[in-house]
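**Student:** This is the structure, below, for whatever I ask next.
The values are calculated or read from the model by the stated rules, or taken from the named source; none is laboratory data. Remember, predicted model here, so these are calculated numbers, not experimental data. As a convention, Cβ positions derive from the backbone with ideal geometry for all residues, glycine included, and neighbour counts pool all protein chains shown. When the accessible area is computed, the model is the full protein with side chains, heavy atoms only, and any ligands, DNA or RNA have been set aside. Shrake-Rupley method; radii C 1.70, N 1.55, O 1.52, S 1.80 Å.
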Amino acid sequence: MRDIAVIASAQIPSERRSDLSEIEMVQKVVTGAIEKSGIDRRAFDFWCSGSADMLCGRPFSFVSALDAIGAWPPIRESHVEMDGAWALYEAWLKLQSDPGLHCAIVYCFGQSSLGPVPDILATQLDPYYETPLWPDSISVAAIQARALLDGGRYTERDFAEVAVENRRRGKSNPNAQLTGDFSIEEAMSGPYISSPLRKHYCPPLSDGACAIVIASREKVDELGFAAPAWIRGFDHRVEAQSLGVRDLTSSASTQLAGRRAGARGDSLDVAELHAPFAHQELILREALELGGSVSVNPSGGALAANPIMVAGLLRICEAAGAIHRGEAKRALGHATSGPALQQNLVCVMEAN
Amino acid sequence: MSEDAQGPITMIRTPVDLEYNISAGPDLTLFLRGLKEEKKLYGRRSPNGDVYIPPRGACPVTGQPMLEEVEVSDHGTVTTFCLINIPIEGQELKPPYVFAAIILDGASLPLFHMIAGIAADEARMGMRVKANWKPDDELVLSLESINYFEPSGEPDADYDSYKEHL
Amino acid sequence: MSESSAEILTAPYRLKYSYKRTTGPVIGRFLTDLRDGKITGVRRPDGAVMVPPREYDPETGEALSEFVSLPDTGVVTGWTWVAEPRQLHAMSTPFAFATIQLDGAHTGMLHRVVAPDESVMRSGMRVRARWAAERVGMITDIECFVPEESA
Amino acid sequence: MAELCAVIGVGQTKHAAIRGDVSIPGLLREAAFRALEDAGITFADIDAVILGTAPDQFEGIMMPELFLADALGAVGKPILRVHTAGSVGGSTANVAASYIESGLYDRVLTLAFEKQSESNAMWALSPKYPFQPPITSGAGGYFAPLIRAYMRASGAPDHIGCKVAYKDRVHALKNPYAHLHIEDISIEKVKASPMLWEPVRYLESCPSSDGCAALVLAREEVADRHSGPKAWVWATEMRSEPMQFAGRNQVLPQAGSDCAKSLYKKAGITNPQAEIDVAEIYVPFSWFEPMWLENLHLCEPGEGWKLTDNDETTFGGRLPVNPSGGVLSTNPIGASGMIRYAEGALQVRGMAGDRQVDGAKVALGHAYGGGSQFFSMWIVGSDKPS
């Protein structure tokens, strides 16, 4: 495997409803990441983006985003209809596949403010048997949370602790949206959205965007970049979707991806987990066997800011950022997609 | 619903009905307000001097933010066109109609709109046209404020003058 | 015109379409049987019965075609309470989304449970299908499940 | 490339306006099983699945790879969903090839599909969306003015479009998978068909299809052990440019030209006109054949229509183009690019049946999308690249 590092990233603060158009959001993060990387815009060997059309209800939303990045002269470019974390995987693999390529930029954008996101996500389900009932994404997550409570290993207090902790940590993240000092009691007495999920255990609806630059060892050396976050393991796995055919209390795909990426929970300083719902962090911690010494979600995670199609790549940006700032030697970024943690990705990075 | 209530089910209808609230963003807002409130066409200048209409959030060529707003003429040249003979679901216009790329005077790339005021087979590349606006009290936040473009009476433009804008 | 005075325009948009889905033999069989008031599952090579039936084994992707008739009773294996149904749910009163394992099946089916109130709901509760008055060959031909004792 | 990649399995559905006999999973599995069978393997041998399809509005299912994961035998494996507008079928195969070329995967299944009969293509492509210009005219309305501009610039005679349409429809009669089989096709019939988006006639336009294509790709060592014929991937390439900008040439876009030049260079091809034996090019409206021949440097600028006019783009000609009948005969949008790639692979494997071009050793697969702004291409050969 070739040595590839995350060397720069940029994001815009997550907001309930951004005044910026998609194009402006993308323009800001792409230009921001390029400037931080010190690489000329024309020198990128590969571009890849992630987004989802159904969020705005219009086909080809990524086409207008291409107007924002200065794609002239023509660029080598691709797009996944997924969270940007998978676009990063594609870009990383592209650099693995061709030793002549040295740097790539990945970006993603998503606006939760345009449409009814929980209902839109019901269109991800089985179109014959499930979508006609319109189970929204919060209800689907709530069925998973109930299974966890029924399993007896966790109580609702554990959900509350996760929520309170993430919002508290998010206070130091200038890009976070929903942060503050809440008490466990406050969280546990909040209104139900879909029982047993109360308001505090659910993510905010966010608009956001982020971009990330990766480069080969040759390019890192050429740039004299001081604190690259070397990608040491990168893997993603999927499970069957239907809630009735899998164990909702564990995450087999996270466990597998983590093992293949060499996550080794006890060796990590930081783990940024994409757990939009509080109970999902508990499932992910188990799947990745994270020990008590690991700092989980110092950014506040998806409970503090959850721009859809972006929040996964944000976890990798935040984990890489901890390495760039010298706060971590070894960090993990995780992303999830699909109902109730159906699909999961793990990226393990290390300092020099 | 089954198509045939008696026989085996082979096809079902599954409706989707999702309500969105779409934002125009600052640049399209500038453009659309110009149409409705001032009967004017506003674009923006890009960092390399081109004028984009409708204006957009970034320069497609450089990836940099756009600069100041620029008013563009409502007269222009048809660079190319086609004659639409096919009804489109959700489309209010009745075929046949001429759909054209029009480079407005002062703009650096064409805008797409309909041409009327001529027989459909008289449409041609290089034809000079001007906007036919709706009455002031019927203007809307949309390019529909312009009913269509129609011949302006000016002589046709030289092919060389617009061949870079096809 | 000055930029600062221009409030960003917004407008409603409705993505509304009635998709036309061909079902293929397995889904079509299940929906046809539902219309006729019967529930049909499919057997996996290891003997496990899945309902609703899939055309393939979810673990291996292998094709499946051995149909099995099932009763319309079963057990709630997971649930959540929807206190305020929305228009899309087509339900006028609060209800639960639940996974229901029918008697004789080895997997759960996502559906609705209507109960007097949330306090009645628990995992492990027995339920029975309440059939729609008019059945057309859709998953909603089962209007919902209800607690067995109240059925 | 870190690793060589070969196509060891090709599958496609019988394409049709409505595949009323299958569900969406059933449609994909038909193509997947044919590709697996061709490769002599099963789902269990596959390490990753790469799926491409065009906008989710076509089927009304958001990110359908999620609900399709188990139908495609992807449980416990990576699955990735590519969407690059009309070029998606090609770029999906390119992404799948990069999985192999990275050296991290032995065998990858890649599929691209569209089940257009689930909705209406014109509605799905151009819904009435707030703040967008009111004049929606479908894909034909977008491309017809570009065709007019090409006709003007090249001086091509009017009959070229009809000639291409006739040729591809005759080719389709040799392809059992093609959607349209118009047995009594003639130039006169094309000419007499209704003018939809003048200058584009009905029979010069692509249909709307249900269909899926699938490929099994393998790493060199794995492919070497495979007994059947292989199509070795000599090179893949992609290029994109913005849809509209000042001075953009949409008739012969630079992205397409750059993409082709880079592709040939990577493949070690110095004279594409002489070295490529057969081309499967994305031609949704007949006039795009001469346009793309020029854009792809398969002829001199302004000469594309002459190749067509001189019967050089059919069987026995200098460069047979779309022996499968092309997009004009089969157009499940998301799959159309991959069908081009798949047909090219069949040609160099000598497995193209009645539509086989004699002695084809090197094939070009091409796809484009958006406003002629996304391009993906590959070159496959019977032999390993030198």
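**Student:** Can you spot a residue in region A:61-73 that is outside any loop (DSSP other than H, G, I, E, B), within 14 Å of chain B (Cβ to nearest Cβ) and open to solvent by 20 Å² or more (accessible area, probe 1.4 Å)?
**Tutor:** Yes: region A:61-73 contains one or more residues that are outside any loop (DSSP other than H, G, I, E, B), within 14 Å of chain B (Cβ to nearest Cβ) and open to solvent by 20 Å² or more (accessible area, probe 1.4 Å).
**Student:** Checking A:ILE105 against (1) within 13 Å of chain B (Cβ to nearest Cβ); (2) β-branched (Val, Ile, Thr); (3) open to solvent by 10 Å² or more (accessible area, probe 1.4 Å), which single condition isn't satisfied?
**Tutor:** (3)
**Student:** Among the numbered conditions (1) open to solvent by 10 Å² or more (accessible area, probe 1.4 Å); (2) under 16 Å from the mean Cα position of the chain (by Cα); (3) within 14 Å of chain C (Cβ to nearest Cβ); (4) not β-branched (Val, Ile, Thr), tell me where A:ASP247 comes up short.
**Tutor:** Evaluating A:ASP247 over (1) open to solvent by 10 Å² or more (accessible area, probe 1.4 Å); (2) under 16 Å from the mean Cα position of the chain (by Cα); (3) within 14 Å of chain C (Cβ to nearest Cβ); (4) not β-branched (Val, Ile, Thr) leaves (2) as the failure.
**Student:** Determine, yes or no, whether D:LEU307 is under 19 Å from D:ILE339 (Cα atoms), modelled with pLDDT of 95 or more and in a helix (DSSP H, G or I).
**Tutor:** no
**Student:** Now for a separate question. Looking at A:GLY115, A:GLY50, A:GLY57, A:GLY84, can you tell me which residue is touching a Gly at 6+ places or on another chain (Cβ under 7 Å), open to solvent by less than 10 Å² (accessible area, probe 1.4 Å) and within 14 Å of chain B (Cβ to nearest Cβ)?
**Tutor:** From the options A:GLY115, A:GLY50, A:GLY57, A:GLY84, the qualifying one is A:GLY57.
**Student:** Name the one entry in D:GLY11, D:GLY26, D:GLY20, D:GLY60 that is farther than 20 Å from A:VAL80 by Cα and in a loop (DSSP other than H, G, I, E, B).
**Tutor:** Just a single option satisfies the conditions, and that option is D:GLY20.
**Student:** Taking region B:66-92 only, how many residues are more than 7 Å from every other protein chain (Cβ to nearest Cβ) and at pLDDT below 85?
**Tutor:** The total comes to 2.
**Student:** Provide a single number: the residues in region B:1-27 that are at pLDDT 90 or above and open to solvent by 40 Å² or more (accessible area, probe 1.4 Å).
**Tutor:** Number satisfying all stated conditions: 7.
**Student:** Could you check, for region A:290-310, whether at least one of its residues is under 17 Å from A:GLN11 (Cβ atoms) and of a type in the set (Val, Ile, Thr)?
**Tutor:** Scanning region A:290-310 turns up at least one residue that is under 17 Å from A:GLN11 (Cβ atoms) and of a type in the set (Val, Ile, Thr).
**Student:** Kindly indicate whether any position in region D:297-304 is open to solvent by 10 Å² or more (accessible area, probe 1.4 Å), in contact (Cβ under 8 Å) with a residue 12 or more places away in the chain and in a helix (DSSP H, G or I).
**Tutor:** no
**Student:** Can you spot a residue in region C:90-109 that is among the charged types (D, E, K, R) and buried (at least 18 other Cβ atoms within 10 Å of the Cβ)?
**Tutor:** Looking through region C:90-109, none of the residues is among the charged types (D, E, K, R) and buried (at least 18 other Cβ atoms within 10 Å of the Cβ).
**Student:** May I pose another question? Pick out the one residue from A:ARG325, A:ARG285, A:ARG315 that is free of Cβ contacts under 8 Å to residues at least 24 places away in the same chain and at negative phi.
**Tutor:** A:ARG285
**Student:** Quick one: which residue in B:GLY126, B:GLY153 is at positive phi and in contact (Cβ under 8 Å) with a residue 40 or more places away in the chain?
**Tutor:** B:GLY126
**Student:** Between a first residue in region B:22-35 that is at the interface with another protein chain (Cβ under 7 Å from one of its Cβ atoms) and a second residue that is of a type in the set (A, V, I, L, M, F, W, C) and part of a strand (DSSP E or B), which pairs have beta carbons less than 9 Å apart while being 6 or more apart in sequence or on different chains?
**Tutor:** Correct list of pairs: B:ILE22/C:ALA11; B:SER23/C:ALA11; B:ALA24/C:ALA11; B:GLY34/B:LEU41.
**Student:** Right, something else. Looking at C:ASP46, C:ASP36 in this structure, which one is surrounded by fewer than 18 Cβ atoms within 10 Å (Cβ to Cβ), modelled with pLDDT of 95 or more and more than 14 Å from chain D (Cβ to nearest Cβ)?
**Tutor:** Result of the check over C:ASP46, C:ASP36: C:ASP36.
**Student:** State which residue is farthest from A:ALA68 (Cα to Cα) when the search covers only region A:1-26 and only residues that are part of a helix (DSSP H, G or I) and open to solvent by 10 Å² or more (accessible area, probe 1.4 Å).
**Tutor:** Only one residue tops the list, namely A:GLU22.
**Student:** Out of curiosity, is D:VAL283 of a type outside the set (Asp, Glu), touching a residue at least 12 places away in the same chain (Cβ under 8 Å), assigned to a helix (DSSP H, G or I) and open to solvent by less than 10 Å² (accessible area, probe 1.4 Å)?
**Tutor:** no
**Student:** Looking at (1) open to solvent by 10 Å² or more (accessible area, probe 1.4 Å); (2) out of contact with any Lys or Arg (no Cβ under 7 Å at 6 or more places or on another chain), which is the only condition A:ASP269 fails?
**Tutor:** (2)
**Student:** Can you name every residue in region A:135-165 that is open to solvent by 10 Å² or more (accessible area, probe 1.4 Å) and facing chain C (nearest Cβ under 7 Å)?
**Tutor:** A:ARG146, A:ALA147, A:ASP150
**Student:** From the list A:ARG315, A:ARG330, A:ARG325, A:ARG285, exactly one residue is touching a Ser or Thr at 6+ places or on another chain (Cβ under 7 Å) and more than 14 Å from every other protein chain (Cβ to nearest Cβ). Which is it?
**Tutor:** Of the residues listed, the single one that is touching a Ser or Thr at 6+ places or on another chain (Cβ under 7 Å) and more than 14 Å from every other protein chain (Cβ to nearest Cβ) is A:ARG330.
**Student:** Also, I was wondering about something else. Report yes if some residue within region A:207-220 is assigned to a loop (DSSP other than H, G, I, E, B), crowded, with 21+ Cβ neighbours inside 10 Å and touching a strand residue (DSSP E or B) at 6+ places or on another chain (Cβ under 8 Å); otherwise report no.
**Tutor:** No, that holds for no residue.
**Student:** Now for a different question. Taking into account only those residues within region A:87-102 that are part of a loop (DSSP other than H, G, I, E, B) and without any contact (Cβ under 8 Å) to a residue 60 or more places away in the chain, which is farthest from the other protein chains (Cβ to nearest Cβ)?
**Tutor:** Of everything passing the filter in region A:87-102, A:GLY100 is farthest from the other protein chains (Cβ to nearest Cβ).
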